[in-house]
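Working notes, structure below.
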Amino acid sequence: MSGEQSQSSSNQKHYDVVIIGSGPAGYTAGVYTSRARLSTLIISGTLPGGQLMTTSEVENYPGFPTGIFGPELMMNMRQQAERFGGKVVDDEVTKVDFKKRPFTITTHSETYSAEAVIVCTGASPRKLGIPAEQQFSGRGVSYCATCDGPFFKDEDIVVVGGGDTAIEEATFLTKFGKSVKIVHRRESLRASKILQDKALENPKIEFLWNNVVSDIKGDKKVATVLVKDINSGIEKSITAGGLFVAIGHEPNTAIFQGQLRLDDKGYVVLKDHTRTSVEGVFAAGDVHDHRYRQAVTAAGFGCMAAIDVERWLSEQKTTKN
Ligand code: NAP
């Protein structure tokens, strides 16, 4: 546990803590560990800053009464982690070895070792997989109603999916939108009965059963969503300013297969708050949390993991001495 290492050279390969991932969980963990004078490396991953880098304005992160743009919020968090000596590298982890200590973390360009690791690789929204989806992402196509719903005031909105998220988000979106159409690929919902009943009774919600989204049209932003009936093959076009894709998330845990205990959906399984199945490896944020998935909750989990790491490292030191 070498606080003095935090000031060491740029070719440092061994750290007290390596944080994998740079969303709100990763950067917050980095603020706490580096401020606790633990030498800290944050490996940012393929999308430095995480999911908020693809969001426009964030209105629900406390401390910003007039809102803040997602990328600006993440740059602020990064600078805050660096301010206390945390080092951030823009690289992607390709392999980890948590079987022996110190742990080994390999990226495209380097191999690092660490006394403790915090996994903050997040989750990615499942995509529809149609070409126009990427083109309109952040320009009418959204993956988070809580984040973006208020930007669609008095618009016609389409929601895709039939699970709890889709139904909950569709209901939430009726607070803002003129109308909400739920496009679902089957004729029954996966969502819990209580959410279903609420949505079925909501006069602003209409269901398009056995349909899939086949294309999105618009100029600067989404204007029309094309849906296709999977039985008849008939395509029709729906006027809509927003398309919310709520077909599930996939945790970014491929590199941890065989290293950490994952649940049947691939999320990291935790015990005692932030501890994974490997002693010394902790996790925070959407990589284990599929319930809340908010920037502020991820940041909170990042803080918790950092405090747990700090305590665990000092326990190790006491045991060794
Ligand atoms: P989910 O339960 O996996 O549901 C995903 C939905 O999207 C399903 O209806 C699925 O259709 C559909 N879908 C998947 N891939 C698709 C594709 N390529 N094209 C079109 N549709 C597709 O995901 P979720 O709704 O995000 O929920 C995740 C977990 O969080 C669940 O355990 C859920 O219970 C929980 N959750 C709970 C609450 C709550 O309790 N209030 C709120 C939100 C989430 P099929 O049904 O045909 O498979």
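The values are calculated or read from the model by the stated rules, or taken from the named source; none is laboratory data. Treat the numbers as computed from the prediction; the structure is a model and nothing was measured. Don't worry about glycine lacking a Cβ; one is built from the backbone with ideal geometry, like all the others, and counts go over all protein chains shown.
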Restricting to strands (runs of 3 or more DSSP E) lying wholly in the range 120-189: which have 2 or more residues that are closer than 30 Å to residue 276 by Cβ and modelled with pLDDT under 95? 123-125
Working only within the range 248-261, note down all residues that are within 15 Å of the ligand (Cβ to nearest atom) and surrounded by fewer than 21 Cβ atoms within 10 Å (Cβ to Cβ). 248, 249, 250
If you go through 140, 129, 149, 177, the only one that is crowded, with 16+ Cβ neighbours inside 10 Å and either among the hydroxyl-bearing types (Ser, Thr, Tyr) or within 16 Å of the ligand (Cβ to nearest atom) (or both) is 149
Of all residues in the range 207-227, which are surrounded by 14 or more Cβ atoms within 10 Å (Cβ to Cβ) and of a type in the set (Asp, Glu)? 215
Just one listed residue, out of 282, 207, is touching a residue at least 24 places away in the same chain (Cβ under 8 Å) and assigned by TED's automatic domain parsing to the domain that holds residue 27, and it is 282
Take residues that are surrounded by fewer than 17 Cβ atoms within 10 Å (Cβ to Cβ) and not assigned by TED's automatic domain parsing to the domain that holds residue 139 and tell me which of the strands (runs of 3 or more DSSP E) falling wholly in the range 19-112 contain 3 or more. 93-97
Condition (residue is within 11 Å of the ligand (Cβ to nearest atom) and crowded, with 16+ Cβ neighbours inside 10 Å) applied to the range 235-246: is it met by at least one residue? yes
I'd like to check something: does the range 277-287 contain any residue that is more than 25 Å from residue 191 (Cβ to Cβ), at pLDDT below 95, surrounded by fewer than 19 Cβ atoms within 10 Å (Cβ to Cβ) and charged (D, E, K, R)? no
